Amino acid sequence: MGTSLCLSVRMSGDEWQLEMPTGWIGNQFAPANDFGVLGPIVTLLDSQLILNPMRVVANGEGSAVMFPLFQLPGMADEQFVKDVGMVEADLRTLKAAMEAGD
């Protein structure tokens, strides 16, 4: 299975570093909690911090992943549409991997 957004991942201290088509970014998750909140804070190439309010919620015998995606100030509509497509593709990859037991 492939990904459209992230090319590779490595751990550095308490931060996940993701190789994107434009370079490496940081990704720090919330501490483990009972609410399913992942809330990663992404450090962009220009050191800008972006909070992604991601959450995993039990749903019967499975789980639902919620990932609201917000258009950043100054982001062109075309770029936002592209980002939506990449996130959707990655969430589909996550779903397929989880269902396959990978």
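Every number here is computed from the coordinates shown, using simple stated rules; none is lab data. Worth saying up front: this structure is predicted, and the values here are computed from it rather than measured. All Cβ positions, glycine included, derive from the backbone under ideal geometry; neighbour counts span all protein chains shown.
So the values come out like this:
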quantity: Vicinal HN-Hα couplings computed from phi for region 65-74 (Karplus, 6.51 cos²θ - 1.76 cosθ + 1.60; Hz; Gly/Pro x); calculated: 9, 10, 9, x, 10, 10, 7, 5, x, x
quantity: For PRO68, net neighbour charge (Lys/Arg +1, Asp/Glu -1) across residues whose Cβ lies under 14 Å away; calculated: -1
quantity: Region 8-100: relative contact order in percent, alpha carbon pairs under 8 Å with at least 6 residues between; calculated: 13
quantity: Principal-axis tilt of helix 77-100 within the chain, Cα atoms, nearest 10 degrees; calculated: 30
